[in-house]
1. Under unit Cβ charges (Lys, Arg +1; Asp, Glu -1), what dipole magnitude, rounded to 20 debye, does the chain have relative to its Cα centre?
2. Any chance you could tell me what percent of the C-alpha pair distances in the chain go past 19 Å?
3. Could you sort 42-48, 53-59, 15-21 so that the peptide with the highest average Cβ count within 10 Å comes first and the rest follow in order?
4. Where does the charge balance sit around S49 when Lys and Arg score +1, Asp and Glu -1, over other residues with C-beta under 12 Å from its C-beta?
5. Counting Lys +1, Arg +1, Asp -1, Glu -1, what net charge surrounds R15 among other residues with beta carbon under 14 Å of its beta carbon?
6. What percentages, rounded to whole numbers, describe P(r) for the stretch 28-76 computed over all alpha carbon pairs with 5 Å bin width beginning at zero?
7. Pop a pseudo-label 7 angstrom from the Cα along the beta-carbon direction at both A75 and L23 and give the gap in nm to one decimal.
8. Please name which of T70, V13, V43 has its Cα lying farthest along the dipole of the chain towards the positive end, using unit charges on Cβ (Lys, Arg +1; Asp, Glu -1) and the Cα centre as origin.
Amino acid sequence: MNSPEWIDFTLDVARRNGFEAKLVDASPIGEDFAFYQQKIAGVFIMIGSGGPYALHHPKFRVDDTALFPTANYLATLATEYLALHS
């Protein structure tokens, strides 16, 4: 379960970083991240690049132009969260 505080925070940072941020419907996908969220509050972030194939499809290819903006977004999440909570 995603923490409401984390949902609001990550959506706000994403939008300020130029991403089209939105909530997606809950999915029954298998993901070990849920075990972390049993211990601490958090949020599962899905970042798409608009490609024609889903992540685990054999024809999926990473859109190289998405790498830097995504890395910047994740770094901004970390630095802003630490600035607010340290």
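1. Numbers: 6 positive and 10 negative charges, 30 e Å.
Dipole size: approximately 140 debye.
2. Details: 1749 of 3655 pairs.
In whole percent, the share of Cα-Cα pairs in the chain beyond 19 Å is 48.
3. Working: 42-48: 14.4, 53-59: 8.6, 15-21: 12.9.
Highest-to-lowest ranking by the protection proxy: 42-48, 15-21, 53-59.
4. Numbers: positive: R61; negative: E20, D63, D64.
Its environment carries a net charge of -2.
5. Values: positive: R16, K22; negative: D8, D12, E20, E80.
Surrounding charge for R15 is -2.
6. 4, 16, 19, 20, 21, 14, 5, 0
7. 3.1 nm
8. Selected residue: T70.
The values are calculated or read from the model by the stated rules, or taken from the named source; none is laboratory data. Everything numeric in this text was worked out from a predicted model, so none of it was measured. No Cβ is skipped: glycine too gets one built from the backbone with ideal geometry, and neighbour counts run over all protein chains shown. Protein only, heavy atoms only, side chains kept; ligands, DNA and RNA dropped before computing areas. Shrake-Rupley method; radii C 1.70, N 1.55, O 1.52, S 1.80 Å.
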